[in-house]
Amino acid sequence: MKKLKTIILTLVMGIFGNLFGQNKHIENFEFFNRNENEIIQFIVVDIGLNEIAPINSKPNILKISFQMKRVNEAGLSSSKEELNVFGEIEDKLIEKLTKDELFVGRITSNGLRDFYFYTKDNKIQATFEEILKKYNQFKYTINFEVDENWNKYFQLLYPNEEEFQKIGNRSVLDNLEEGGDNLTLEREVFHWIYFKTENDRENFIKEIEKLNFSIVTKSKIKDAFPFQLQIKRVDKVDEESVNQYVIQLWKLAPKYNGSYDGWETSIETTNK
């Protein structure tokens, strides 16, 4: 009965959303790094917009690009004060948005910080320029163009599958830290992979045994990938290490008609 009520409520909300032409989404800003032609990009994006994009009432993209003054080797600002000012600028710009504009994300790379907005029209530009008079210590450009299909959102800002896996890795690490974990400690890390056939699973096992993983369990479930495998290895759990071995398994699984399903580990607070 509870499930039925939930389904009915979802349908009703969908009907009212269509009747009033409202595009609703739950904000979900994530951040990740991307290596684009040997240049590191630090991206913050509202991935929740994927559920409703493109929004027909906002067919234009407005980009504000700032030249940072103090830049380190990674292309980021080396000044905490400067970073604080950019945070203030972002807040001021977002405060002035109306129902006709939407902040979708930003990219920091190669000495630039770029803010992206989708808009109904170009009216907000004059408001932005008035705000930015206070921050004339920075050179900036404003670019406005039609992007009805939100290609810039999906191509420049939205994470690909590997980047989503890394976002998921960081989420697990955040949970460990919230539990008081000392991420510098090595410990057993467990992984789950699912396969279409038993033969696929056995061939995958031959590969991962070369990488010093050991089998925890093998089972069969009712699923499109019914042959389950749980493996483990003692590993570091800093973000760089986790991304290295998780992405390795994530890429290896499809070669054997498998699907990597995730990882977990225990919370470790002190040396044993």
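Readers should treat all values here as calculations from the given coordinates under stated rules, not as data from a laboratory. Quantities reported herein were computed from a predicted structural model and do not represent experimental measurements. Glycine gets a Cβ as well: all are built from the backbone with ideal geometry, and neighbour counts include every protein chain shown.
Couple of notes before you dig in:
- Tensor-based shape of region 24-157 (alpha-carbon gyration tensor, a/c under 1.5 rounded, otherwise prolate or oblate): oblate
- Ranking of 215, 47 by neighbouring Cβ atoms within 10 Å, starting from the fewest: 215, 47.
- Those GluC sites (Glu not before Pro) in region 165-240 that DSSP places in a loop and that have at most 16 other beta carbons within 10 Å: 186
- For region 79-153, the residue among 79, 125, 115 whose Cα projects farthest onto the positive side of the dipole built from Cβ charges is 79.
- Across the chain, the mean sequence separation of Cα contacts (distance under 8 Å, 6 or more residues apart), normalised by length, yields a relative contact order of 17 percent.
- Extension gain for the segment residue 57 to residue 251, taken as residue separation times 0.36 nm less the Cα-Cα distance, is 66.0 nm to one decimal.
- When the square roots of the Cα gyration tensor eigenvalues are ordered a ≥ b ≥ c, the ratio a/c for region 161-265 is 1.5 or more and a/b exceeds b/c, which makes its shape prolate.
- Against the chain, whose longest principal axis comes from its Cα atoms, helix 2-19 is set at around 30 degrees.
- Counting every other Cβ atom within 10 Å of each residue's Cβ, 58, 120 order from fewest to most as 120, 58.
- About its Cα centre, the dipole of region 21-111 is roughly 200 debye, where the only charges are +1 on Lys and Arg Cβ and -1 on Asp and Glu Cβ.
- Cβ charges +1 (Lys, Arg) and -1 (Asp, Glu), total dipole of the chain, debye: 580
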